[in-house]
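*Asks:* Below are the structure tokens for one structure; questions will follow.
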Amino acid sequence: MHNRKNYLFAGADCGGERLYSLVESAKASGVEPHAYLSRLFAELPKATSADHFESLLPWNITLAAAGT
């Protein structure tokens, strides 16, 4: 894989690809990636059901407006 060194920070090649996929999905959904990942990483440990996990997907998540 030609991007191997770019994904080393994530612990494994596939981990970096998945993180990149989340960032690109956020962009495609019109969500600012940094705000999305911050919210995702804060909420993910609290998720207990499939519905909660689904609500954290980029196209389902609701982020507070900047400055509020």
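*Asks:* Between Glu43 and Leu56, what is 0.36 nm times their sequence separation minus the Cα-Cα distance? Round to one decimal in nm.
*Replies:* Separation in residues times 0.36 nm, less the Cα-Cα distance, equals 3.9 nm.
*Asks:* With a 10 Å radius around each residue's Cβ, average the other Cβ atoms per peptide and rank 39-46, 56-63, highest first.
*Replies:* Packing order, densest peptide first, comes out as 56-63, 39-46.
Readers should treat all values here as calculations from the given coordinates under stated rules, not as data from a laboratory. It should be emphasised that the depicted structure is a prediction, and the values quoted were computed from it without experimental measurement. Ideal geometry is used to build each Cβ from the backbone, glycine not excepted, and the neighbour counts take in all protein chains shown.
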